[in-house]
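Taking it in order: structure first as structure tokens, then the write-up.
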Amino acid sequence: MKHRKIGNVMTDDVVRVGHGASFEEVSQLLARHRINGLPVVDDDDKVVGVISGTDLSELTGRQDGGHQGGGRADGVPRQPPDGRTAWQLMSRPAVTVHPQDTIVDAARSMDRHRIERLPVVDEEDRLIGIVTRRDLLRVFLRPDDEIRAEVIDEVLVRSLWLLPHTVTVTVTDGVVRLEGRLDRHSEIPIAVRMAGQVDGVVAVVDRLTYRVDDSPGQGGAAS
């Protein structure tokens, strides 16, 4: 089993800003779309950095001498007097992912860099989407019936070539319980491992038995 790919969960309608955009333009985009960050792209739509509302607020806070109230009444941070552009305000290099990366890869990257969103780029670093922590959580917090269906279809039927009724699969709060009798002992760890790799599974309870013990040195006794 392979974890779901970024390309399956990303949003392809991305709010972005050019590297020459003004502080005001960036602030207005963040406020209008109610987001806290967006990628900065060059003239070829390649991601060159990321800028966040936190970056802007910290800048205006410093220029206000640390006093509160660095924003306007409409919630947009006040334009700093030095006229900086997105290129000067952004964080770089941008932390990005590719559509073929897994959601586990993305989650680890977000945790390592302490960020909430990742621009998704193609092989030439052009922006094609964005994935947020919320997108990943929706995968990890999948409904139990959806997880059960995938375990039966992808693990038991397609991978182990079993009839669906061979193993009883129950899922409660992401915990998968496998009960039934398989032909060979060696199939049990495979079934348990693959079930555990299904997105959204937090643990697997093994209640499987076997007809033939095909372990090395065993005489084929049934369990």
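Laboratory data are not the source of any read-out in this text; all were calculated from the coordinates shown. Since this is a predicted model, take the numbers as computed values, not measurements. Neighbour counts are summed over all protein chains in view; Cβ atoms, including those assigned to glycine, are modelled from backbone coordinates with ideal geometry.
Over 31 Å apart: what share of the alpha carbon pairs of the chain falls there, rounded to a whole percent? Can you show the working numbers first?
Values: 10678 of 24753 pairs.
More than 31 Å apart: 43 percent of the Cα pairs in the chain.
Dipole of segment 144-212 computed with +1 at Lys/Arg Cβ and -1 at Asp/Glu Cβ about the Cα centre; of Gln197, Pro164, Val175, farthest Cα towards the positive end is Pro164. Taking the DSSP bridge list for the chain and keeping only pairs wholly inside it, about 65 percent are antiparallel. In whole Å, what is the distance between the alpha-carbon centres of segment 170-200 and segment 3-55? First find each Cα centre; the distance between them is then 41 Å. One decimal place: the segment Glu123-Asp153 gains 7.5 nm when fully extended, by the rule 0.36 nm per residue minus the C-alpha distance.
Once fully extended, how much extra length lies between Val192 and Leu137, figured as 0.36 nm per residue of separation less the alpha-carbon to alpha-carbon distance? List each step's numbers first, then the result.
Numbers: separation 55, 0.36 × 55 = 19.80 nm, distance 2.31 nm.
Gain in length upon complete extension: 17.5 nm.
Taken about its Cα centre, segment 99-223 carries a charge dipole of about 360 debye when Lys and Arg each add +1 at the Cβ and Asp and Glu each add -1 at the Cβ.
Here the calculated FRET efficiency for Gln100 and Arg207, from their Cβ-Cβ distance with R0 = 45 Å, stands at 0.80, rounded to the nearest 0.05. Taken about its Cα centre, segment 144-212 carries a charge dipole of roughly 440 debye when the Cβ of each Lys and Arg holds +1 and the Cβ of each Asp and Glu holds -1.
The GNM of the chain, with springs linking C-alpha atoms under 10 angstrom apart, assigns the highest mean-square fluctuation among Arg138, Arg112, Arg92 to Arg112.
Note down the magnitude of the dipole of the chain about its Cα centre, charges +1 on Lys and Arg C-beta and -1 on Asp and Glu C-beta and zero elsewhere, to the nearest 20 debye. Intermediate values should be presented prior to the final figure.
Details: 29 positive and 36 negative charges, 114 e Å.
Here the size comes out at about 540 debye.
Between helix 103-113 and the chain there is an angle of about 40 degrees, using the helix long axis and the longest principal axis of the Cα atoms.
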